[in-house]
Amino acid sequence: MEKILEVKDILKIYEDGVIANKDVSMDIEKNTIHAIVGENGAGKTTLMKILFGITHAQQGKIFYKGKEIKVKNPHEAIKLGIGMVHQHLMLAPDLTVAENMVLGVEPLKGKILLDTNKAIEITKQVSAEYDLDVPANRKIKDLPIGIRQRVEILKALFRNAELLILDEPTSVLTPQESEILFRTLKELKNHGKTIIFISHKLKEVKQIADRITIMRDARVITTKDAGELTEHDIAYLMVGREISFARVRPPEKRRETFLSVHTLSYINDENTLILKNISFEVNSGEILGLAGVEGNGQTELVQALTGLLEPSAGEILIKGENINGLSPREIRERRVAHIPEDRMENGVAEQTTLEENFIVDRYYTSPFSKRFSLDWKKIGTYSNKLMERFRILAQSSRAPVSSLSGGNIQKVVVARELSSDPEIIIAAQPTRGIDIGAEEMVHNLLKEVRDQGKAIFLVSADLDEILKLSTRIIVIYNGEIVAHFKDVAGISGKELGPYMLGVKREEGLSGKIHS
C-alpha cells in the first residue's frame, strides 16, 4: 500500500535532558486511520508536534509523499497538506465559528474589513462537503466541546489537509460525541484523507483504527494491523506489565452516612429546571457511582455538592450538618475533596507552578505557612513527594502546569485532592484524558481510600469505570434519579443503558432499589 508519511530515526531531547523520542521510526499508509497509543510521556504528542512544525528533532528524517521534508513551523505543515487538531483546542472563544474558520486566510471586503458573509458562505460550503454541521454565526465559547472539535477539523480540511493528526480527540467528549466523531473520521477516510489518531482508550482504538503503533519510553515498540492485537495485548505492550480489567471487590461493610442529599432541585438563570428532587446517600467505606449521559444534570449536581452553585430547594448534609450556603473553601474545610470534570477550567491554574497548584487549598495552613510568608522549602519537599507518589512527569515542581501533558495535569489534580486528608471525595471524571496505566493507578488509589473508610461519590461518563469501581450505582436522566442498583455484581452497561437514555425508569422519586 502507498505510504503518505515515513518517519526515520527521530531523536528529540528537551533542554532539561528529557528524551521525548529516541530512534522513532514508523510508516503511515495513505487513506488509513493509523492509531498511535502509549502512556502519558511515551512520546506520542512530541512526535506529532515535530510533524506539525511546533518543535524540531535533533536527528532523523521525515518523508511526505515520497519526498524528504523539513517542517519549520505549522504554517509550512499546513501548506504541505498536514493538519492537526490539538488535545486542547486552538480556537478563539470570542469569535464566531465562521471567523475561526477563516482566521489567517480571511476573505476581505476592500483591503481591511473581513467579508463576514463570505466567511459564513465558506463555512457552510465546507460543512456541507464533509457533512459536518456547525452553526456558522455562533461564538465558540457558547458551543459544546464536541461541536468545537468539529470546527477544528473543518478548519484543517478547509486548508486542504490530506493528513490529519488528532491528538487525544475523545479525551473531553461524551460517548455519544465520540461515536459521531468516529463516523466523521470514517467518512473522511472515504474522502481520501489519512488520519493519525492519538489515544489511550483501547476500545476506541480497536473500533476505529486500521493499524496501530504502540510507543513506550520514547520508543516505538511495534506497529501491527489492528486485527492482530487484542485490548489486553495493547495494554501490556503500552505499560510493559499486566493491567487488571477486573471489577473491584465490594467492601465488607458500609459504616456511617457521610454525605446526604435530600430532595435537591436547581433552576438555572434561564428558569430551566436542571435538577429535580435528587436524593441519595453516600456512606463511609463505599463508592457510589452516578451513571448517565453527560448533560443530564451531573455538572450542576457536583457544583451544588461542592459549593459552586446554590441549589434552589432541598438540602445537602455532611455528617448531619446542612452545608447549603457554605463557600467552596468552607466545604473543603469539612474534609471534602473535589476532582472536577474539567481539569483546565476548574482543576488547575495552568500558568502557575506545580507547587502552587498542590497547595492552593492549604497554603494558609501548617507546615506551608509561617507567620506572614510561605515556607517554599517545605512546599518544594512536599511537592516532590507528591510527584513521586503519583508518578507525575514534569521538569521540576517549579515548572508551570501548562508545560505538562494532559494526563499529567490530571494527575496533579488527583494528587492534590487525595492528599488533602478528605473524608468525602467528589470525583467527577477522575481518569478523563489519562492513559491506561495512570487510570489503573487512580482506580487503585480510590479503592485504597475507600477501604480506609472514606466516602466516594463517583461521576463518570465511562461506564466501564462506573461498573468497575462502584459499590452501588444510581442513574440520572434529565435531572432526576431514575434507578438505584444496590447489587452491581451482575450489572452490565447494556442493562444501565435504557435508564440512561430515559427509555426505562423505576418507580419512586429516587428510583426503586434493585437488590
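The values are calculated or read from the model by the stated rules, or taken from the named source; none is laboratory data. As the structure is a prediction and not an experimental result, all values here were calculated from the model. No Cβ is skipped: glycine too gets one built from the backbone with ideal geometry, and neighbour counts run over all protein chains shown. The protein model used for the area step is the full one, side chains on, heavy atoms only, and it has no ligands, DNA or RNA in it. Shrake-Rupley method; radii C 1.70, N 1.55, O 1.52, S 1.80 Å.
Brief remarks follow.
- Some residue of the stretch 88-111 being assigned to a strand (DSSP E or B), charged (D, E, K, R), out of contact with any Lys or Arg (no Cβ under 7 Å at 6 or more places or on another chain) and over 24 Å from Ile196 (Cα atoms): yes
- Taken over the stretch 27-59, the residue count meeting the criterion of being surrounded by fewer than 17 Cβ atoms within 10 Å (Cβ to Cβ) and assigned to a strand (DSSP E or B) is 3.
- Across the stretch 254-273, the qualifying residues are those that are polar (S, T, N, Q) and over 12 Å from Leu317 (Cα atoms), and the one among them that is surrounded by the fewest Cβ atoms within 10 Å (Cβ to Cβ) is Asn271.
- Criterion violated by Ile78 - all others in (1) within 19 Å of Ile195 (Cβ to Cβ); (2) assigned to a strand (DSSP E or B) satisfied: (2)
- In the stretch 316-338, the residues that are surrounded by 14 or more Cβ atoms within 10 Å (Cβ to Cβ), out of contact with any Gly (no Cβ under 6 Å at 6 or more places or on another chain) and under 25 Å from Lys276 (Cβ atoms): Ile316, Leu317, Ile318, Ile323, Asn324, Val336, His338
- Residues in the stretch 403-427 that are over 20 Å from Lys201 (Cα atoms) and part of a helix (DSSP H, G or I): 7 in all.
- Residue within the stretch 112-125 that is over 21 Å from Glu168 (Cβ atoms), of a type in the set (Lys, Arg) and assigned to a strand (DSSP E or B) present: no
- Which numbered condition Glu294 misses (of (1) within 23 Å of His484 (Cβ to Cβ); (2) out of contact with any Ser or Thr (no Cβ under 7 Å at 6 or more places or on another chain)): (2)
- Scanning the stretch 1-26 for residues that are of a type in the set (Gly, Ala, Ser) and part of a strand (DSSP E or B) returns Ala20, Ser25.
- Here Leu374 does not fit the description of being under 28 Å from the mean Cα position of the chain (by Cα) and either surrounded by 18 or more Cβ atoms within 10 Å (Cβ to Cβ) or free of Cβ contacts under 8 Å to residues at least 40 places away in the same chain (or both).
- Subset of the stretch 428-453 [among the hydrophobic types (A, V, I, L, M, F, W, C) and in a helix (DSSP H, G or I)]: Ile436, Ala438, Met441, Val442, Leu445, Leu446, Val449
- Within the stretch 82-93, considering residues that are within 18 Å of Thr45 (Cβ to Cβ) and of a type in the set (A, V, I, L, M, F, W, C), the one most open to solvent (accessible area, probe 1.4 Å): Met90
- Residue within the stretch 168-186 that is open to solvent by 40 Å² or more (accessible area, probe 1.4 Å), within 29 Å of Gly38 (Cβ to Cβ), part of a helix (DSSP H, G or I) and at pLDDT 90 or above present: yes
- Counting only residues that are in a loop (DSSP other than H, G, I, E, B) and either of a type in the set (S, T, N, Q) or open to solvent by 40 Å² or more (accessible area, probe 1.4 Å) (or both), the stretch 136-157 holds 3 of them.
- Residue check for Lys494: at pLDDT below 80, open to solvent by 20 Å² or more (accessible area, probe 1.4 Å), more than 19 Å from Gln298 (Cα to Cα) and not in a loop (DSSP other than H, G, I, E, B): yes
- Residue that is in contact with a strand residue (DSSP E or B) (Cβ under 7 Å, 6 or more places away or on another chain), of a type in the set (D, E, K, R), surrounded by fewer than 17 Cβ atoms within 10 Å (Cβ to Cβ) and over 14 Å from Asp167 (Cβ atoms), where the choices are Lys79, Lys3: Lys3
- Residue match in the stretch 217-230 (condition: modelled with pLDDT under 90 and at negative phi): no
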